Amino acid sequence: MPADSPDTPVIEIRDLHKCYGPLEVLKGVDLVAPRGHVVSLIGSSGSGKSTLLRCCNLLEDSQQGDVIFEGEAVHWKGQGLARHPADRAQVTRIRTNLSMVFQQFNLWAHLTVLQNVMEAPVTVLKRDPKEVEVKAREYLAKVGIAEKADAWPAQLSGGQQQRAAIARALCMEPRALLFDEPTSALDPELEQEVVRVIKALADEGRTMILVTHDMKLAADCSDHVIFLHQGKIEEEGPPATLFTNPQSDRLRGFLSATAA
């Protein structure tokens, strides 16, 4: 189907394999993120969740399989551990449309919150700073920290810093948002600040892939949940099914452990 069709997935992964030397971390994984859907990746530490997310954003090279963005397949050269994207301009174009929010906030300490949010659209996308500032302030208001625009990152709580990081991601106006354990570095009270923002974004119909340890967040926000175990998809489906009627012993064990 044409790339601009609303039925074309924003991100599609087919038979993805990822190795670090002799260690195979992803062993033939498929993933589809349709437009306006939230896909959550759950699983134990080391199951390959974050690696899969980084492969979606081409921050990691995969050794086999296809990465497709809005119907456009990434071009590769080389094989195995020597495989790399063949077209750097294509990689840049895809990355600018997939904003990633990391576990650690990665804000520039020498820039104010507003400057952090504006930096990438101005320097990478070459957008007009005055127009970007208007958008940046809108996104800071959206995540509930408009009053912190002129503050330095060190003056913010962890929850406020993560919300600033989300505003920064939004200011790129991406096709999809990728979240890598966005609440795991926060204490429970601050975690809920960020969860509320993510839920609000999901309610807006934004395309998101979410790696999370928070099963309630995955259950409440997701259209589709993927349970990874040792680099393979053990089970997947809508959250109502996956969380209430797990089919595999491994998923039942994982959900029991996370509920404890």
Which helices (runs of 4 or more DSSP H) sit wholly inside region 194-260 and have at least 3 residues that are among the hydroxyl-bearing types (Ser, Thr, Tyr)? none
Please tell me if residue 40 is surrounded by fewer than 19 Cβ atoms within 10 Å (Cβ to Cβ) and either in contact with a strand residue (DSSP E or B) (Cβ under 7 Å, 6 or more places away or on another chain) or free of Cβ contacts under 8 Å to residues at least 40 places away in the same chain (or both). no
Taking the condition of being part of a helix (DSSP H, G or I) and open to solvent by 70 Å² or more (accessible area, probe 1.4 Å), how many residues in region 120-159 meet it? 10
Taking the residues in region 231-242 that are within 22 Å of residue 46 (Cβ to Cβ) and touching a helix residue (DSSP H, G or I) at 6+ places or on another chain (Cβ under 9 Å) as candidates, determine which candidate is surrounded by the most Cβ atoms within 10 Å (Cβ to Cβ). 242
Residue hits (region 175-193; out of contact with any Lys or Arg (no Cβ under 9 Å at 6 or more places or on another chain) and either open to solvent by 50 Å² or more (accessible area, probe 1.4 Å) or in a loop (DSSP other than H, G, I, E, B) (or both)) are 182, 183, 184, 185, 186, 187, 188, 189, 192
Pick from region 28-65 the residues that are among the small types (Gly, Ala, Ser) and assigned to a loop (DSSP other than H, G, I, E, B): which of them is farthest from residue 16 (Cα to Cα)? 36
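The values are calculated or read from the model by the stated rules, or taken from the named source; none is laboratory data. For clarity, every value in this text was computed on a predicted model and none was experimentally measured. Because the Cβ atoms are built from the backbone with ideal geometry, glycine has one as well, and the counts that use them run over all protein chains shown. Calculation scope for accessible area: heavy atoms of the full protein, side chains included, ligands and nucleic acids excluded. Shrake-Rupley method; radii C 1.70, N 1.55, O 1.52, S 1.80 Å.
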